[in-house]
Amino acid sequence: MSRSAHPAGPRHADVLPEGHYTAPAADLNVLDPKVWSRTVGRDERGVATVGGLTVTELAEEFGTPAYFLDESDFRARCRAWAEAFGKDADVFYAGKAFLSRAIVRWLKEEGLNLDVCSGGELTTALSAGMPAERIAFHGNNKSEHEIRTAVEAGVGRIVLDSFQEIVRVAHIAQSLGRRQRVQIRVTVGVEAHTHEFIATAHEDQKFGIALAGGQAAEAVRRALKLDGLELIGIHSHIGSQIFDMAGFEVSARRVVQLLAEVRDEHGVELPEIDLGGGLGIAYTSEDDPREPHEIAKALTEIVTRECEAAGLTTPRISVEPGRAIVGPTAFTLYEVGTVKPLDGLRTYVSVDGGMSDNIRTALYDAEYSVNLVSRTSDAAPMLSRVVGKHCESGDIVVRDAFLPSDLAPGDLIAVPATGAYCRSMASNYNHALRPPVVAVRDGEARVIVRREAEEDLLRLDVG
């Protein structure tokens, strides 16, 4: 038998060892403000509320599963990031976390810039009125059509990700009579302490041009020689869901060293440095993310110190929070269906969504919290696994959680901190219909991305 094979059995669903999960909270009815958006609470009946509306009335009007986004919280987080970094730095919201035209309008109104990484995201941004000069365009394999669209629109920067792309962007810009502002994305050899699939600064991966072996320096040489390009700076990104600033310190030191080499070789001081995003949020009560002002202070001090040591003028700093802004502002609301206790193991709680609306647990082993929200309960806690309705044993939403033992079909449960990547990565697996995104604010709720209908599936199936 192969070493990787294993017999099917009661524990074949990767049940974690006893003691891996944390003990149940002292009160399962408490909605921890660390993981829930800022206007979430409970009313006098014990029903959870957001933006002044109860989850029961929201479920009745919009159905389940659905993502409910706390607009006031989103806007407050945008302002907090903008104020933390001030006018001498740039904050680009990473649109890949979640993007819609409503989000674009909120970003524009709150003074943030926008980072996109596909033609679809760029089209969405432009259609909602984001000024092109406030848009940065990422991506490791941008098509000629995407590049041409971006250059024609006048995007503020294109982040170059390879030697081929340096030439490609320069050629397209020159053919359009433009000089395109660009940054070069470098991989700095720093691997953030995060999941392998979302650690992006080590050399063995698809993003960026390595500092090692002088490749990044060569990329700078080529970019500076091309008339179609205006090289404005260096970009780096070290991973996602990061709480420790140590990785940023090493990354900044290495990027500044490259800036010094560019000055010494070419007599040019590049004016910008982008340290990327990836700052973590609280998915569970055990997570301890930093506040924007703490992050801004730490990053600014790191870059200033390294530039002073290298005799460089401190460049303008850019950062790209996506998850850190939208992640905590939304939760996914589900209705409980089957409740299946397994003696001596756990209780499986099946909901009306699953991996089609949150793939992150299956993809990254992501951990989430979950609460009963349609009522309170004094019942004893039961070890639960919240699972979806898809035909996959790996269709898990919350791997290990404690829910009240009187949980029953028809109850509403909610998973907080699902604003980032859940709707963006949602799928039609099993021909599921992707849920709506509903913005809630000051007692009003409105759909900003509608629920898919079966007609939408059939419209694409040309048969």
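The values are calculated or read from the model by the stated rules, or taken from the named source; none is laboratory data. As the structure is a computational prediction, the values presented were derived from the model and not from experiment. Backbone-built Cβ (ideal geometry, glycine too); neighbour counts: all protein chains shown. Side chains are part of the model used for accessible areas, which takes the heavy atoms of the whole protein and leaves out ligands, DNA and RNA. Shrake-Rupley method; radii C 1.70, N 1.55, O 1.52, S 1.80 Å.
Using the Cβ atoms and a cut-off under 13 Å, what net charge is assigned to the surroundings of G46, where Lys and Arg are +1 and Asp and Glu are -1? Net charge in that neighbourhood comes out at -2. Given +1 at the Cβ of Lys and Arg, -1 at the Cβ of Asp and Glu and no other charges, the dipole of the chain around its Cα centre is 960 debye to the nearest 20.
Can you give the angle from 0 to 90° between the axis of helix 163-175 and the longest principal axis of the chain, with both taken from C-alpha atoms, to the nearest 10? With both axes taken from Cα atoms, the answer is about 70 degrees.
For the range 375-463, rounded, prolate or oblate, judged on the Cα gyration tensor with a ≥ b ≥ c (square roots of eigenvalues), a/c < 1.5 rounded, else prolate if a/b > b/c?
In terms of gyration-tensor shape, oblate.
Amide H contacts under 5 Å for E230: Q180, R181, V182, restricted to partners 5 or more places along the chain or on a different chain, H placed in the peptide plane at 1.01 Å from N. Quick one: Cα centre-to-centre distance for the range 330-348 and the range 138-182, in angstrom? Result: 48 Å between the Cα centres. The angle separating the long axis of helix 215-225 from the principal Cα axis of greatest extent in the chain is about 60 degrees. Of the accessible area of the range 72-127, with the probe set at 1.4 angstrom, what percent is carbon plus sulfur? Roughly 43 percent, rounded to a whole number. To the nearest 10, the accessible area of T347 is 10 Å² with a 1.4 Å probe.
Taking the Cβ of V387 as the centre, find all other residues whose Cβ is under 10 Å away and add up their charges (Lys, Arg: +1; Asp, Glu: -1).
Result for the local shell: +2.
The value of relative contact order for the chain, using C-alpha pairs under 8 Å at least six residues apart, is 19 percent. Here the range 65-127 and the range 359-396 have alpha carbon centers that stand 29 Å from each other. In summary, the chain shows an alpha-carbon radius of gyration equal to 1.04 times the 2.2 N^0.38 Å reference for compact globular proteins.
Report, in degrees rounded to the nearest 10, the 0 to 90 angle that the Cα long axis of helix 292-310 makes with the longest principal axis of the chain. Its long axis makes an angle of about 30 degrees.
Of T361, T56, the order by accessible heavy-atom surface (1.4 Å probe, DNA, RNA and ligands excluded), from most exposed downward, is T56, T361. Sorted largest first by accessible area at a 1.4 angstrom probe radius, with every protein chain in place, the residues D461, D442 fall in the order D442, D461. The residues of the chain have, on average, 44 Å² of accessible surface per residue, using a 1.4 Å probe with all protein chains present. In terms of accessible area, using a 1.4 Å probe and ignoring ligands and nucleic acids, S393, S285, S350 rank largest first as S393, S285, S350.
In this structure the amide hydrogen of S384, modeled in the peptide plane, comes within under 5 Å of the amide hydrogens of T347, A401, F402, L403, none closer than 5 places in sequence on its chain.
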